[in-house]
Amino acid sequence: MLLRDVETGDLDTYVRMRCDPAMMAELGGPLPRDGIEAKVETDVRKTRADVYWVSMIVPDEAEPETVAGSVVLWSHEDGDDAGASEIGWMVLPEFQGRGLAKRAVRALLERARDDGRWGDVHAFPGVTNVASNALCRSVGFTLVGQRDATFAGRPLRTNHWRIDPGTDLV
Ligand SMILES: CC(C)(COP(=O)(O)OP(=O)(O)OC[C@H]1O[C@@H](n2cnc3c(N)ncnc32)[C@H](O)[C@@H]1OP(=O)(O)O)[C@@H](O)C(=O)NCCC(=O)NCCS
């Protein structure tokens, strides 16, 4: 498995991840197709500028054109969480259940640890998102509690997990 920066050619993967009812079942339902090009362009620009990191998961280095999903690390620019770092992840159905999300999250948190600017990293999986909550526990996050969050503007009841990548990574 390797991580690489998002590119404009990742549009189809974005559509599969964000506009599919099954992929978005724990994230408030599928997003409209309109706006996905703009989202990819913003993510490419901000990742290139090192503002935040959108990393695509490549399961096999020998097949760099095959992409399984993404793992994303960003810092909130405004609101109550301004300055707080958050991580999120998605793996397409045919690649799920192989430990890819776990390895990708670990790899990005190792990069965050080595980079040093991110501080504690937070994650907010839906309370019923069994795989994501298991992943948090396995990687070394601590459960802080529950809270109401928003994903792409929609309300979501979430677990709040926190990790210090410098000391807590398992
Ligand atoms: C959540 C998601 C990223 C997991 O990806 P994955 O590559 O299948 O996850 P992994 O194989 O690394 O497994 C992570 C943990 O979840 C568990 N798990 C995976 N699929 C599961 C399932 N269907 N039911 C229950 N547990 C599951 C694994 O056993 C593992 O737990 P462990 O460390 O205790 O063994 C993927 O299912 C997904 O993208 N779902 C839709 C989008 C989404 O919900 N994104 C997350 C938003 S917070």
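Based on C-alpha pairs under 8 angstrom that are at least 6 apart in sequence, the chain has a relative contact order of 19 percent. Three principal axis extents describe the C-alpha atoms of the stretch 106-154; from largest down they are 32, 25, 18 Å. Summing charges over all other residues whose Cβ lies under 14 Å from the Cβ of VAL71, with Lys and Arg as +1 and Asp and Glu as -1, gives 0. The alpha carbon centroids of the stretch 111-133 and the stretch 10-77 are separated by 16 Å. Shape of the stretch 76-133 from its Cα gyration tensor (a ≥ b ≥ c, root eigenvalues): rounded if a/c is under 1.5, otherwise prolate when a/b > b/c, or oblate? In terms of gyration-tensor shape, oblate. Nonpolar atom fraction for the stretch 1-90, defined as the carbon and sulfur part of the 1.4 Å probe accessible area, stands at 48 percent.
For the pair ASP114 and ARG45, a Förster radius of 25 Å applied to the C-beta separation gives a FRET efficiency near 0.60, rounded to the nearest 0.05. Projecting label points 7 angstrom from Cα along Cα→Cβ for ASP78 and GLU7 puts them 3.4 nm apart.
With a/c under 1.5 counting as rounded, go ahead and sort the stretch 1-60 into rounded, prolate or oblate using the C-alpha gyration tensor (a ≥ b ≥ c being the square roots of the eigenvalues; past the cut-off, prolate if a/b is larger than b/c, else oblate).
It is oblate, given that a/c is not under 1.5 and a/b is not larger than b/c.
Here is how the number arises for the chain: DSSP H runs of 4 or more residues each give -39500 (n - 2.57), the sum is divided by the residue count, and the result at 222 nm is -8500 deg cm²/dmol. Once label points are set 7 Å from the Cα along Cα→Cβ at both ALA131 and VAL144, what is their separation, rounded to one decimal in nm? For ALA131 paired with VAL144, the spin-label model returns 2.5 nm.
When the alpha carbon gyration tensor of the chain is reduced to an equivalent ellipsoid, the three semi-axes, largest first, read 22, 19, 17 Å.
Surface exposure of the stretch 21-155, expressed per residue as accessible area with a 1.4 Å probe, stands at 52 Å².
The values are calculated or read from the model by the stated rules, or taken from the named source; none is laboratory data. The model shown is predicted, which means the values in this text are computed figures rather than measured ones. FYI the Cβ positions are ideal-geometry reconstructions off the backbone, even for glycines, and counts take in every protein chain you see. What goes into the accessible areas is simple: the full protein's heavy atoms, side chains included, and nothing from ligands, DNA or RNA. Shrake-Rupley method; radii C 1.70, N 1.55, O 1.52, S 1.80 Å.
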